[in-house]
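Here's the structure we're looking at; comments come further down.
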Amino acid sequence: MSGDSGREFQNLISSLCVAPDGNLWAATPGAGIYCVGNPGTVHYTTANGLADNNVTAVAADTNGVIWAGTAAGDLQWIADGEIKTAGADAGLPPVPVTAILAAHSGGVWAGFSNGRIFRGDSGSFHQVGLRSATAGKAIRSLHEDAAGNLWIGAAGGRLACLANERALSWELNPVTPDDHPSWAS
């Protein structure tokens, strides 16, 4: 598949999401973001507004806003073809964004490599009080369940949950193949 620049789509994929309009968004660690859909492929890079071509995470919210996190620590959003950026000036840490999740009620959750998590929308962000629960470990995945609880997977086998303004956490013990039940019958 070729992008606007005519170069082949040949980079690794760091994150994928599908927007409400059915377009597929692919974040790459070095070539920016690709939007694959109707009317074709659109390629976003620093040349047309991204803060960094090393895009680590991407998500689409219910309003069709595309959220992207970069290795430079910027949180960006694309709405109606316009790219906006929030970084240290918005109170976000100057470390890589490692996970993004579109919130059920709108806006976004963003996890960072230093274990901090922020909630916000369109430039207004606040830190979520999970610092001790994630213990400075890079946030690797985020999930919001039907009850609105935020589940967090962090580096080092840390699992946390923010439920009713209360943080819970667990250390997942590593298992060896001998300790794990066989999945094959």
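Take the conditions (1) assigned to a helix (DSSP H, G or I); (2) crowded, with 20+ Cβ neighbours inside 10 Å; (3) not aromatic (Phe, Trp, Tyr); Gly115 misses just one of them, which is (1).
A Cβ distance below 9 Å, combined with a sequence gap of six or more or placement on separate chains, defines the contacts here; from segment 30-46, residues that are over 20 Å from Lys84 (Cα atoms) reach residues that are modelled with pLDDT under 90 and among the aromatic types (Phe, Trp, Tyr) in the pairs Val36/Phe9; Thr41/Phe9. Within the set Asp89, Asp52, Asp121, the sole residue that is closer than 21 Å to Val18 by Cα and either under 15 Å from the mean Cα position of the chain (by Cα) or not basic (Lys, Arg) (or both) turns out to be Asp121.
Name the pairs: first residue in segment 1-25 and at pLDDT 95 or above, second residue aliphatic (A, V, I, L, M) and assigned to a loop (DSSP other than H, G, I, E, B), Cβ to Cβ under 8 Å, at least 6 apart or on different chains? Filtered contacts from segment 1-25: Trp25/Ala19. The set of residues from segment 125-159 being in a strand (DSSP E or B) and either out of contact with any Gly (no Cβ under 8 Å at 6 or more places or on another chain) or loosely packed, with under 14 Cβ neighbours inside 10 Å (or both) comprises His126, Val128, His143, Glu144, Leu150, Trp151, Gly153, Arg158.
Being under 26 Å from Ala135 (Cβ atoms), surrounded by 15 or more Cβ atoms within 10 Å (Cβ to Cβ) and either of a type in the set (S, T, N, Q) or at pLDDT below 95 (or both) holds for only one residue in Val65, Val108, and it is Val108. Scanning segment 125-139 for residues being within 14 Å of Ser169 (Cβ to Cβ) and modelled with pLDDT of 90 or more gives a total of 1. May I ask you to verify whether Leu92 is modelled with pLDDT of 90 or more, closer than 19 Å to Leu24 by Cα, out of contact with any His (no Cβ under 7 Å at 6 or more places or on another chain) and part of a loop (DSSP other than H, G, I, E, B)? Criteria not met by Leu92.
The values are calculated or read from the model by the stated rules, or taken from the named source; none is laboratory data. Because the structure is predicted, anything quoted here is derived from the model rather than measured. Methodologically, a virtual Cβ is constructed for each residue, glycine included, from the backbone with ideal geometry; neighbour enumeration extends over all protein chains shown.
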